[in-house]
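Engineer: Here it is, the structure, as structure tokens.
Just so it is clear, none of the values below were taken in a lab; they were calculated from the coordinates. Note that this is a predicted model, so its numbers are computed, not measured. FYI the Cβ positions are ideal-geometry reconstructions off the backbone, even for glycines, and counts take in every protein chain you see.
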Amino acid sequence: MSIRSLTRREPALPTLLEDFFRPWNDWFDGGSILGRSLTVPAVNVTETKKEYALSFAVPGMKKEDFHVDVEGNMLTVSAEKETTQKETDETYTRKEYNFSTFRRTFTLPEEVHKDKIQASYSDGILKLSLPKKEEFIQLPSKSITVR
């Protein structure tokens with residue numbers, strides 16, 4: 001059961017017109033327009049001494065659905081997924097089509113080594129590794145003896 005079904009009160013006896021217009025109401029009321037999803041996946045950004053790591057929560061996709069592009073100092077992560085379902089019985093045919101997409105853009109810090117960015121997808125998580133250039137990696141502090 002979705003949260004939307006918990007928060008939205010349905011009339012006890014929906015009218016014929018409400019049932020007829022329900023697909024259009026769901027498109028504009030439920031976070032999508034004409035079958036296009038308007039959700040943006042959550043992303044976690046972490047930093048270590050050697051890299052930045054981005055993790056996107058995007059379950060139900062394949063690695064072929066993603067596009068990761070670097071142009072100048074901008075990193076763009078996007079995805080498109082199309083699904084079609086067709087069900088046929090002796091008395092009816094039902095065909096549904098869904099198209100979902102998202103796009104996130106990030107400004108890269110100058111310390112990121114753009115040629116070494118890597119991406120992997122597993123268990124619904126898209127992970128990007130943005131390694132830092134060696135000259136920006138902080139060396140451990142040391143003590144200098146005064147003579």
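Engineer: Among the GluC sites (Glu not before Pro) in segment 83-133, which ones are in a DSSP loop with at most 16 other Cβ atoms within 10 Å of the Cβ? Mind listing them?
Structural biologist: Passing sites in segment 83-133 are Glu90, Glu110, Glu111.
Engineer: If you plug each phi of segment 60-72 into the Karplus form 6.51 cos²θ - 1.76 cosθ + 1.60 with θ = phi - 60°, what whole-Hz ³J(HN,Hα) values come out, in order, with x for Gly and Pro?
Structural biologist: Using θ = phi - 60°, the values come out as x, 10, 10, 5, 6, 6, 9, 10, 10, 10, 10, 9, x Hz.
Engineer: Spelling out what I want: for every residue of segment 83-92, take phi, set θ = phi - 60°, compute 6.51 cos²θ - 1.76 cosθ + 1.60 (Karplus), and round to whole Hz; glycine and proline get x.
Structural biologist: Each residue of segment 83-92 in turn: 9, 10, 10, 10, 10, 10, 10, 5, 10, 7 Hz.
Engineer: Mind listing the Cα extents of segment 54-93 along all three principal axes, in Å, largest one first?
Structural biologist: The principal-axis extents, from largest down, are 57, 19, 11 Å.
Engineer: While we're looking at this one, here's another question. On a straight-distance basis, which lysines could pair with Lys86 in a cross-link, Cα separation under 20 angstrom, same-chain partners fewer than 8 positions away excluded?
Structural biologist: Lys95
Engineer: How long is segment 55-135 along each principal axis, judged by its Cα atoms, biggest number first, in Å?
Structural biologist: 69, 23, 16
Engineer: In terms of modelled amide H atoms, which long-range or inter-chain residues lie less than 5 Å from the amide H of Lys133?
Structural biologist: Distant-sequence amide H within range of Lys133: Val112, His113.
Engineer: Let me ask something additional. Give me the net charge of Ala42's neighbourhood, meaning all other residues with Cβ under 14 Å from the Cβ of Ala42; Lys, Arg count +1, Asp, Glu -1.
Structural biologist: For residues surrounding Ala42, the net value is +2.
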